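K.L.:
Let me begin by handing over the structure; questions about it come next.
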Amino acid sequence: MKAYIFPGQGSQFVGMGKELYESSALAKELFERANEILGFRITDLMFSGTDDDLKQTNVTQPAIFIHSVVAAKVSNASIHPEMVAGHSLGEFSALVANRTLQFEDALKLVISRANAMQEACLLKPSTMAAILGLDDLVVEEICASIDDIVVPANYNCPGQIVISGTVEGVKTACEKLTAAGAKRALLLNVGGAFHSPLMEPARQN
């Protein structure tokens, strides 16, 4: 069985999509259509921007979505997936890949979502971290013991949880979780505390 699994925030990198743009007429057409819909050349930021440019939520989300969908459409000539799935933002990419949503409509939804979440990110410095090698219950208990906002956000697999919260809360949690035996506590390259109570303002929008 063949499947596409689409990523969420944190998977961005400078240069993303450039090779596709330069090697595929279909990819170039889709990238340019995205630039037109967004009203700015997001391809400039994707291909030759900075890490800080791409870390901004209102850039990160459409950039990852566009790259994911373009890559899927270009590879469809040789790969025909029987299933699709997506993590967080990646759900929109999956819905385009299985033709539930059109690329243009989904991109408009993504940028609306990204703008609302960007506003929430600006209200309080926040971040996320991946915790490896601890039981879920230990992570949950340590997060609950911290006098700040920090919560388990993504249960990726046994022994790997992503936590989300204020910058100070996440840093404190990482220190305590490492002391409790975590094999690794890695801050993620994201611009906010996604899947946490700090995103409540975005939901209200």
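K.L.:
Identify all residues within the stretch 39-52 that are in contact (Cβ under 8 Å) with a residue 12 or more places away in the chain, in a helix (DSSP H, G or I), closer than 20 Å to Glu22 by Cβ and not hydrophobic (A, V, I, L, M, F, W, C); write none if there are none.
P.N.:
Quick first cut of the stretch 39-52, residues in contact (Cβ under 8 Å) with a residue 12 or more places away in the chain only: 42-43, 45-51.
Subset that is in a helix (DSSP H, G or I): 42-43, 45-48, 51.
Narrowing further to those that are closer than 20 Å to Glu22 by Cβ: 42-43, 45-48.
Scanning the stretch 39-52 gives Thr43, Ser48.
K.L.:
May I pose another question? Please verify whether the stretch 32-41 includes one or more residues that are surrounded by 14 or more Cβ atoms within 10 Å (Cβ to Cβ) and under 19 Å from the mean Cα position of the chain (by Cα). It would help to see each step written out before you state the result.
P.N.:
Of the stretch 32-41, the ones surrounded by 14 or more Cβ atoms within 10 Å (Cβ to Cβ) are 33-35, 37-38, 41.
Then drop every residue that is not under 19 Å from the mean Cα position of the chain (by Cα), which leaves 34, 38.
Within the stretch 32-41 (the criterion being surrounded by 14 or more Cβ atoms within 10 Å (Cβ to Cβ) and under 19 Å from the mean Cα position of the chain (by Cα)), the answer is yes, since at least one residue qualifies.
K.L.:
Follow-up. Can you tell me which of Gln9, Gln61 is at pLDDT 95 or above and either surrounded by 22 or more Cβ atoms within 10 Å (Cβ to Cβ) or on the phi > 0 side of the Ramachandran plot (or both)?
P.N.:
Values: Gln9 fails: at pLDDT 95 or above.
Going through Gln9, Gln61 in turn, the sole match is Gln61.
K.L.:
Test each condition in (1) of a type in the set (Lys, Arg); (2) free of Cβ contacts under 8 Å to residues at least 12 places away in the same chain; (3) assigned to a helix (DSSP H, G or I) for Arg113 and report the one that comes out false.
P.N.:
(2)
K.L.:
So, in the stretch 132-150, of the ones that are in a helix (DSSP H, G or I) and without any contact (Cβ under 8 Å) to a residue 12 or more places away in the chain, which residue ends up nearest to Gly192 (Cα to Cα)? First the steps, then the outcome.
P.N.:
Within the stretch 132-150, the first condition is being in a helix (DSSP H, G or I), and the residues that meet it are 136-145.
Okay, now just the ones that are also without any contact (Cβ under 8 Å) to a residue 12 or more places away in the chain, so 137, 141, 144.
Values: Leu137: 24, Glu141: 22, Ala144: 19 Å.
Top of the filtered list is Ala144.
K.L.:
Another question, if that's okay. Can you go through Glu141, Glu82, Glu119 and tell me which one is among the acidic types (Asp, Glu) and either modelled with pLDDT of 95 or more or under 15 Å from the mean Cα position of the chain (by Cα) (or both)?
P.N.:
Details: Glu82 fails: either modelled with pLDDT of 95 or more or under 15 Å from the mean Cα position of the chain (by Cα) (or both); Glu119 fails: either modelled with pLDDT of 95 or more or under 15 Å from the mean Cα position of the chain (by Cα) (or both).
Selected residue: Glu141, the only one of Glu141, Glu82, Glu119 that is among the acidic types (Asp, Glu) and either modelled with pLDDT of 95 or more or under 15 Å from the mean Cα position of the chain (by Cα) (or both).
K.L.:
Among the listed residues Ser68, Ser88, Ser11, which satisfies the condition of being touching a helix residue (DSSP H, G or I) at 6+ places or on another chain (Cβ under 8 Å) and part of a loop (DSSP other than H, G, I, E, B)?
P.N.:
Working: Ser68 fails: part of a loop (DSSP other than H, G, I, E, B); Ser88 fails: touching a helix residue (DSSP H, G or I) at 6+ places or on another chain (Cβ under 8 Å).
None of the other options fit; the residue is Ser11.
K.L.:
Next question. For the stretch 72-95, give me the residue count where each residue is farther than 24 Å from Ala153 by Cα and touching a strand residue (DSSP E or B) at 6+ places or on another chain (Cβ under 9 Å).
P.N.:
First, pick out the residues of the stretch 72-95 that are farther than 24 Å from Ala153 by Cα: 72-83.
From what is left, the residues that are touching a strand residue (DSSP E or B) at 6+ places or on another chain (Cβ under 9 Å) are 72, 75, 79, 81-83.
Residues in the stretch 72-95 being farther than 24 Å from Ala153 by Cα and touching a strand residue (DSSP E or B) at 6+ places or on another chain (Cβ under 9 Å): 6 in total.
K.L.:
Something else about it: With Ala129, Ala202, Ala153, Ala173 as the choices, which residue is under 20 Å from the mean Cα position of the chain (by Cα), surrounded by 15 or more Cβ atoms within 10 Å (Cβ to Cβ) and in a helix (DSSP H, G or I)?
P.N.:
Details: Ala129 fails: in a helix (DSSP H, G or I); Ala153 fails: in a helix (DSSP H, G or I); Ala173 fails: under 20 Å from the mean Cα position of the chain (by Cα).
Exactly one residue qualifies, and that residue is Ala202.
K.L.:
Tell me, which residue of the stretch 93-110 that is of a type in the set (Val, Ile, Thr) and in a helix (DSSP H, G or I) is nearest to Pro201 (Cα to Cα)? Explain how you work it out, then say what you get.
P.N.:
Let us first name the residues in the stretch 93-110 that are of a type in the set (Val, Ile, Thr), namely 96, 100, 110.
Still in the running and in a helix (DSSP H, G or I): 96, 110.
Working: Val96: 27, Val110: 17 Å.
That would be Val110.
The values are calculated or read from the model by the stated rules, or taken from the named source; none is laboratory data. For clarity, every value in this text was computed on a predicted model and none was experimentally measured. Cβ: placed from backbone, ideal geometry, glycine included. Neighbour counts: every protein chain shown.
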